[in-house]
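Right, one structure below, let's go through it.
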Amino acid sequence: MSTRPMAAAPPESDGDREALELTFRAWRGAADAEAMAALANAANRADGEDQLVLASELVNFFRRDDEQFTAARDLFLVEHSGSLVAYGWTNWVDTSDGFREHRVGGYVHPDWLRRGIGTRLLGRLEERAVEIARGQEPDPPRIYGTWTNEHRAAKRELIARRGYEVVRSFYDMRRNLAQPIAETPMPDGLEVRPMPRDRDALRQLWTADVEAFQDHWGGFPSTDAAFEAWLADEDFDPSLHVVAWDGDAIAGASVNAIYRKDNAEFARKHGWLESVFVRRPWRRRGLGGALVARSLAVLREAGMEHAMLGVDADNPTGAVGVYERAGFTVVKRSWAYRKPMEVGA
């Protein structure tokens with residue numbers, strides 16, 4: 001649902017490796033979160049990635065427990081002489097183009113790069129993904145997947161060497177909220193109303209988003225546990241959402257967020273259009289542009305100076321053009337990678 005995914009930081013290349021004694025262990029819950037957040041933030045700083053990872057965010061992200069991800073099974077912490085030097089995880093989703101994609105992500109502390117840790121961690125994650133796949137029905141076909149951006153040179157080097165190939169491009173886009181916001185009419189018969197905060201209404205919004213994105217490339221976790229994690233996010237604020245209604249039906253929405261601790265850490269005022277969607281019966285009527293324009297106004301009224309979003313650069317519905325017409329420009333490029341999976345017996 002989010003356009004601001006948990007980014008996987010750069011495992012190192014194989015160069016200049018020396019043999020290290022490493023311990024791979026399971027997650028111990030919240031007790032591990034502070035050290036994991038410190039490691040991830042060190043990796044982000046080293047790469048010039050201006051995203052703050054919070055211990056509370058990790059607890060919320062990794063306490064999910066469903067068939068697609070269970071931390072005790074699918075999250076590995078890597079230690080050397082009792083110190084945390086890396087961690088990584090794997091989960092799976094069924095994608096809109098007919099695959100079961102076993103995704104891998106992780107971080108290596110920058111002080112421990114080019115020691116073979118990232119290579120060994122990636123190998124362990126792939127092994128775990130195969131174990132999961134062997135316990136499932138053979139259809140749909142299996143693949144590995146991962147994600148990285150233009151700041152993560154070492155990761156791009158590693159995954160390319162391990163056989164991963166780019167399959168899709170994405171943009172982060174930014175819009176200066178000091179610039180005028182065009183008045184964009186809402187299509188006839190639709191109205192924007194405040195988003196109710198009760199669980200039934202929020203579940204209706206979640207379900208509408210999941211349905212709409214079935215027509216888009218890729219996939220994201222849509223289980224009950226993922227829904228609960230969305231609600232539990234400390235920055236979750238339905239008052240920022242812009243939801244278009246046709247009677248009691250949600251026609252489309254922009255699910256917006258302000259990451260206040262990120263903003264404080266990097267001395268900025270960014271608001272995010274996390275997920276902009278229009279359901280099939282209401283497409284081709286200008287609703288997407290109307291939702292975006294109203295979201296810009298909401299974020300500006302909340303004191304933000306820039307609006308941010310992520311978008312599939314190859315989206316066939318013309319989403320990039322909608323955002324460009326609204327004043328957004330590309331500020332970062334990212335790529336989805338895939339690799340064939342040999343499940344075996």
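Overview of results
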| read-out | value |
| --- | --- |
| Cα lying deepest toward the dipole's positive end in segment 232-322, options 286, 264, 251, charges on Cβ | 286 |
| Protein accessible area in the chain, 1.4 Å probe - carbon and sulfur % | 48 |
| In Hz, Karplus ³J(HN,Hα) per residue of segment 83-100 (6.51, -1.76, 1.60; θ = phi - 60°; x = Gly, Pro) | 9, 6, 10, 6, 8, x, 9, 9, 9, 10, 9, 8, 9, 5, 9, x, 10, 9 |
| Cα centroid separation - segment 19-85 against segment 214-290, whole Å | 26 |
| Two-decimal Rg to Rh for segment 18-121 - Kirkwood Rh, Cα set | 0.98 |
| Residue 274 accessible area, 1.4 Å probe, all protein chains in place, Å² to nearest 10 | 10 |
| At 0.692 mPa s and 37 °C, Stokes D of segment 278-338 from Kirkwood alpha-carbon radius, µm² per second | 250 |
| Contact order normalised by residue count of segment 59-165, Cα under 8 Å, 6+ apart, percent | 21 |
| Cut-off under 5 Å, modelled amide H: who pairs with residue 85 long-range | 78, 79, 80 |
| Isotropically averaged projected area of the chain, using the convex hull of Cα atoms (one quarter of hull area), nm² | 17.3 |
| Estimated inter-spin distance, residue 248 and residue 24, nm [label 7 Å along Cα→Cβ] | 5.1 |
| In order through segment 303-312: 3J(HN,Hα) via Karplus (6.51 cos²θ - 1.76 cosθ + 1.60), integer Hz, x for Gly, Pro | x, 7, 9, 9, 9, 10, 7, x, 8, 5 |
| Length-normalised contact order of the chain in % [C-alpha pairs under 8 Å, at least 6 apart] | 23 |
| Electrostatic dipole magnitude of segment 233-345 [Cβ: Lys, Arg +1; Asp, Glu -1; Cα centre; debye, to 20] | 480 |
| Among 99, 216, 327 - extreme Cα towards positive end, dipole of the chain, charges at beta-carbon | 327 |
| Over segment 86-236, relative contact order from alpha-carbon pairs under 8 Å, at least 6 apart, % | 26 |
| Pairwise centroid distance, computed over Cα atoms, of segment 146-184 with segment 305-345, Å | 7 |
| Mean accessible surface per residue for the chain, computed with a 1.4 Å probe while every protein chain stays in place, in Å² | 45 |
| Amide proton proximity set for residue 167, modelled H, under 5 Å, gap of 5+ | 336, 337, 338 |
| Hits among lysines - C-alpha to C-alpha of residue 155 under 25 Å, sequence gap 8 or more where chains match | 332, 339 |
| Dipole in debye (nearest 20) - segment 152-241, about Cα centre, beta carbon charges: Lys, Arg +1; Asp, Glu -1 | 700 |
| Per-residue SASA entry for residue 308, accessible area with 1.4 Å probe, Å² rounded to 10 | 10 |
| Rounded to the nearest 10 Å², the accessible area of residue 181 at probe 1.4 Å | 40 |
| Karplus-derived HN-Hα couplings along segment 265-276 (A = 6.51, B = -1.76, C = 1.60, θ = phi - 60°), whole Hz, x at Gly and Pro | 4, 10, 6, 9, 9, 10, x, 10, 8, 5, 8, 10 |
| Helix-derived mean residue ellipticity, 222 nm - over the chain, DSSP H n ≥ 4, -39500 (n - 2.57), to 500 | -9000 deg cm²/dmol |
| Given charges at beta-carbon only (K, R positive; D, E negative), |dipole| of the chain in Debye | 620 |
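The values are calculated or read from the model by the stated rules, or taken from the named source; none is laboratory data. Given the structure is predicted, the values throughout are model-derived calculations rather than measurements. Cβ coordinates were reconstructed from backbone atoms using ideal geometry, including for glycine residues, and neighbour counts include every protein chain displayed. Remember, those area values only see protein heavy atoms, side chains included, never the ligands or the DNA or RNA. Shrake-Rupley method; radii C 1.70, N 1.55, O 1.52, S 1.80 Å.
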